[in-house]
Amino acid sequence: MSNSSLLSITNLKAGVEGRTILKGVNLEIQAGEVHAIMGPNGSGKSTLASVIAGREGYEILGGGIRFKDQDILDLEPDERAHLGLFLAFQYPVEIPGVNTTYFLKSAINENRKARGQEELDAVAFLKFIKEKARLLDLPEDFLKRSLNVGFSGGEKKRNEIFQMAALEPTVAVLDETDSGLDIDALKVVANGVNQLRSPERAQLVITHYQRLLDYIVPDVVHVLYNGQIIKSGPKELALELEAKGYDWVIEEAGQAAAVTSQS
Amino acid sequence: MTTETLPIRPEDPFLEALQSKDPSSEEAQTWLVPIRQAGIAAYSQNGLPTTAHEDWRFTSLANLREVTFDLSLAPSTLSAMELESLPDPLQGKESIRLVLVDGQLDEGLSSRSLLPQGITLMSMKEAIQSHQTSIKAHLGQYTYGNDSPFAALNSALFCDGVYLHLPAGVELEIPIHIMHVTSDSSQGRVSLARNFFHLEQRASATVLETFCGPNKGAYLTSPTLECRVEDQAKLEHIKIQDESPEAFHMACVYASIDREAHFKSHYLSLGGKLSRNHIRTHLNGEGLCCTLNGLYLAQGHQVMDQHMVVDHAKPHTESHEYFNGILDDQSRGVFHGRIHVRQIAQKTDAKQTNKNLLLSEEAIADTKPQLEIYADDVRCTHGATIGQLDEEAIWYLRSRGIPRATARRMLVHAFAGEIIDRIDHPCIRESLDQLIWDQLEKLPHFHTHTSTDPS
Ligand SMILES: Nc1ncnc2c1ncn2[C@@H]1O[C@H](COP(=O)(O)OP(=O)(O)O)[C@@H](O)[C@H]1O
Ligand SMILES: [Mg+2]
């Protein structure tokens with residue numbers, strides 16, 4: 001593993017209630033890179049994202065995940081966040097009664113505390129998040145509202161990117177953040193991600209549509225199918241998948257597997 | 001008064017004492033005699049109910065029946081220092097404060113210096129004599145014929161309480177705080193404050209009632225409040241029950257609300273072994289709005305019961321009931337809410353929700369929202385939930401770096417905050433928000449869940 005590897009997943013197998021969903025995933029993301037994961041519904045994309053972020057309820061059946069050269073499988077989700085990991089949810093959760101500003105302040109300060117940084121005071125914090133909010137073109141009052149409550153689908157997705165912008169993670173995993181967005185919202189989301197790009201950071205973008213990748217140009221595109229990455233390639237792979245669908249990749253992988261098992 | 005139909009109930013703690021009363025010779029105010037007699041009669045009809053009674057199915061009075069109450073105990077006194085040591089949500093803020101010790105007004109501890117001219121705020125005992133004509137037409141008129149045995153007990157025996165009157169058009173900004181204190185731990189003390197708040201047309205006021213007691217001893221607090229809110233008047237009432245762990249708190253609140261008036265009544269239940277708010281509102285004029293809003297926080301073996309009927313008696317009336325319960329340990333929360341829409345009450349707009357959050361596996365919530373509708377053009381909704389903290393929400397918060405314990409606290413606080421946020425008076429809302437934070441911190445499973453918690 002090279003020194004600049006940020007996220008390193010080796011032969012990861014995971015499942016739920018005795019059912020194996022991830023069947024040996026290998027993924028290596030270097031600092032400065034953007035990786036895209038595509039694949040048909042039910043392939044295990046969200047499961048992979050959840051397992052990386054540390055969601056409870058998944059059984060790890062084998063393999064490992066290293067983040068910044070540290071084994072993170074035994075860490076709590078909040079501890080992973082403190083290390084600089086972020087997951088933009090496919091379905092952001094509505095939390096009535098928890099004010100967005102208050103939530104974000106708690107989140108930012110918990111992260112700062114864990115990293116040995118001083119907590120932000122109220123004034124500095126407000127200035128900081130107002131700047132970030134402008135970037136995401138969110139409705140004026142959303143900071144005062146309950147977290148995601150009454151937000152449209154698009155607003156919820158933008159709120160995810162807003163939180164990402166505010167938390168400035170080293171590795172961000174975006175789970176279908178583009179689904180259900182019109183082209184303007186898509187550009188806003190892409191802009192949010194691109195602002196974050198830097199030689200020290202990396203992003204893993206899960207998507208169904210190659211159009212997002214017109215705005216967030218990936219270094220590598222992977223196809224996840226039936227719990228395994230069956231093909232990886234340059235950004236042009238996304239165009240090819242868009243034009244021809246997944247069947248040919250699946251077929252190719254099937255033949256390769258057949259050859260392997262024969263030898 | 002006839003008593004021959006009485007069933008024998010030797011264990012009833014009050015029946016014998018009540019039946020030995022003879023109001024016609026003992027009551028100095030002749031106009032009060034029928035009120036006393038009606039109370040005795042109503043109580044005698046059923047005595048204290050058992051769980052066989054539909055309205056008491058989930059709330060057993062067995063514990064209360066075991067206590068030997070002493071109705072003859074004279075009210076005790078409280079020193080200014082003892083008073084200062086009691087929690088006061090309005091401490092340091094402007095308020096008009098009345099202190100009732102064992103159900104009787106203590107003038108020395110009260111402070112009415114900020115009370116504007118024209119508003120009457122005085123001891124009920126005094127008002128019965130000096131303001132007879134104003135009170136006579138109302139007292140006892142709003143209790144649906146003493147429809148609770150505790151209202152009946154109160155009517156039969158009350159000595160004192162608070163009388164508040166605002167003439168037409170008078171708006172009082174400064175909150176009135178009525179502190180009900182049980183003085184000492186004398187076993188079996190009974191406090192029966194009788195309160196009447198009368199707001200004439202367009203008047204407005206905010207009244208905070210707090211109830212607390214000593215740290216030990218079984219006592220009973222059974223206040224009865226009657227409110228008359230006339231056309232376009234506005235009353236915000238906040239009641240905080242924080243009795244001692246062995247105490248019984250059986251409160252009755254009756255409100256009769258007129259045209260375009262606003263009645264907003266909040267119930268915060270924190271203490272006591274067994275407590276109940278018996279609430280009846282009579283919606284008696286078009287264009288009015290009635291809101292009942294409550295939060296109960298129970299732990300240990302506490303039982304907290306909220307029992308209300310909202311009676312829509314005129315067309316175009318609006319009512320909301322929101323009650324949230326947070327139940328820990330082996331506590332029990334009971335909610336019974338009935339929206340009653342009379343045939344004449346077309347265009348009724350009524351909404352009722354009861355949500356219960358169980359912080360332990362052994363806590364119990366019983367909820368019974370009911371609609372009883374005799375009009376055909378109405379909008380009524382009701383709903384009830386019983387559940388634990390939303391694991392999806394906890395996961396979401398944790399993924400942002402918020403530790404599990406903090407995430408739990410945020411969610412519990414949010415659940416309580418839904419109720420607190422409905423309090424209009426900013427000063428009271430802020431102090432109650434703080435009070436709730438402090439109370440939540442004391443719940444055994446505020447930070448972690450009983451058994452299934454993995455972290
Ligand atoms: N918590 C769960 N319980 C049971 N099955 C699950 C759970 N999460 C995912 N699955 C199953 O695992 C498979 C992969 O799901 P998912 O990771 O959501 O795929 P994708 O995001 O690629 O559409 C699906 O068949 C799904 O039904
Ligand atoms: Mg998915």
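I'd like to verify a number: residues in the range A:51-72 that are within 10 Å of chain B (Cβ to nearest Cβ) and open to solvent by less than 50 Å² (accessible area, probe 1.4 Å), how many? Going through the range A:51-72 one residue at a time, the tally reaches 2.
Just one of B:Y296, B:Y322 is of a type in the set (F, W, Y), open to solvent by 10 Å² or more (accessible area, probe 1.4 Å) and under 24 Å from B:G387 (Cβ atoms); which is it? Let's see the steps before the verdict.
Values: B:Y296 fails: open to solvent by 10 Å² or more (accessible area, probe 1.4 Å).
One residue alone meets the criteria, B:Y322.
Exactly one residue out of A:G97, A:G18 is among the small types (G, A, S), in contact with a strand residue (DSSP E or B) (Cβ under 7 Å, 6 or more places away or on another chain), away from ligand 2 (no atom under 16 Å from the Cβ) and more than 21 Å from A:E176 (Cα to Cα), and it is A:G97. The condition (being away from ligand 2 (no atom under 16 Å from the Cβ) and more than 14 Å from chain B (Cβ to nearest Cβ)) is satisfied by just one residue among A:L48, A:L6, A:L75: A:L6.
Annotation: of all residues in the range B:372-431 being within 10 Å of another protein chain (Cβ to nearest Cβ) and among the hydroxyl-bearing types (S, T, Y), the one that is nearest to B:E94 (Cα to Cα) is B:T406. For the range A:21-45, enumerate the residues that are β-branched (V, I, T) and either within 16 Å of ligand 2 (Cβ to nearest atom) or touching a His at 6+ places or on another chain (Cβ under 7 Å) (or both). Selection gives A:I21, A:V25, A:I29, A:I37. Within the range A:15-55, can you find the residues that are farther than 21 Å from A:R201 by Cα, touching a helix residue (DSSP H, G or I) at 6+ places or on another chain (Cβ under 7 Å) and free of Cβ contacts under 8 Å to residues at least 60 places away in the same chain? Within the range A:15-55, just A:R55 meets the criteria.
Scanning the range B:143-156 for residues that are buried (at least 20 other Cβ atoms within 10 Å of the Cβ) and either in a loop (DSSP other than H, G, I, E, B) or more than 19 Å from the chain's Cα centre (by Cα) (or both) yields a total of 4.
Of all residues in the range A:84-125, how many are farther than 30 Å from B:L357 by Cα and within 12 Å of another protein chain (Cβ to nearest Cβ)? Please lay out each step first, then the result.
Within the range A:84-125, the subset farther than 30 Å from B:L357 by Cα is A:84-85, A:112-125.
Filter once more, keeping what is within 12 Å of another protein chain (Cβ to nearest Cβ): A:84-85, A:112-115.
Number of matching residues: 6.
Only a single criterion out of (1) surrounded by fewer than 17 Cβ atoms within 10 Å (Cβ to Cβ); (2) away from ligand 2 (no atom under 16 Å from the Cβ) is not satisfied by A:K132, namely (1). Among the residues that make up the range A:80-101, is at least one of them hydroxyl-bearing (S, T, Y) and crowded, with 16+ Cβ neighbours inside 10 Å? Yes - at least one qualifying residue is present in the range A:80-101.
If the condition is being part of a strand (DSSP E or B) and within 16 Å of ligand 2 (Cβ to nearest atom), then the range A:180-227 contributes A:L204, A:V205, A:I206, A:H222, A:V223, A:L224, A:Y225. Counting only residues that are away from ligand 1 (no atom under 14 Å from the Cβ), part of a strand (DSSP E or B) and not hydrophobic (A, V, I, L, M, F, W, C), the range A:34-77 holds 7 of them. Applying the set (1) more than 25 Å from A:N109 (Cβ to Cβ); (2) within 14 Å of chain A (Cβ to nearest Cβ); (3) open to solvent by 30 Å² or more (accessible area, probe 1.4 Å); (4) modelled with pLDDT of 95 or more to B:T452 leaves exactly one unmet item: (4).
Looking across the range A:17-33, the residues that are open to solvent by less than 30 Å² (accessible area, probe 1.4 Å) and either under 27 Å from B:L397 (Cβ atoms) or in a helix (DSSP H, G or I) (or both) come down to A:L22, A:V25, A:L27, A:I29.
Among the listed residues B:I373, B:I339, B:I402, B:I423, identify the single one that is open to solvent by 10 Å² or more (accessible area, probe 1.4 Å) and modelled with pLDDT of 95 or more.
Answer to the selection: B:I373.
Scan the range A:149-179 for residues that are more than 16 Å from ligand 1 (Cβ to nearest atom), part of a loop (DSSP other than H, G, I, E, B) and either under 22 Å from A:E28 (Cα atoms) or open to solvent by less than 10 Å² (accessible area, probe 1.4 Å) (or both) and the total you get is 3.
The values are calculated or read from the model by the stated rules, or taken from the named source; none is laboratory data. Treat the numbers as computed from the prediction; the structure is a model and nothing was measured. Counting neighbours? That spans all protein chains shown, and the Cβs are built from the backbone with ideal geometry, glycine included. Areas reflect the complete protein model, heavy atoms only, side chains present, ligands, DNA and RNA absent. Shrake-Rupley method; radii C 1.70, N 1.55, O 1.52, S 1.80 Å.
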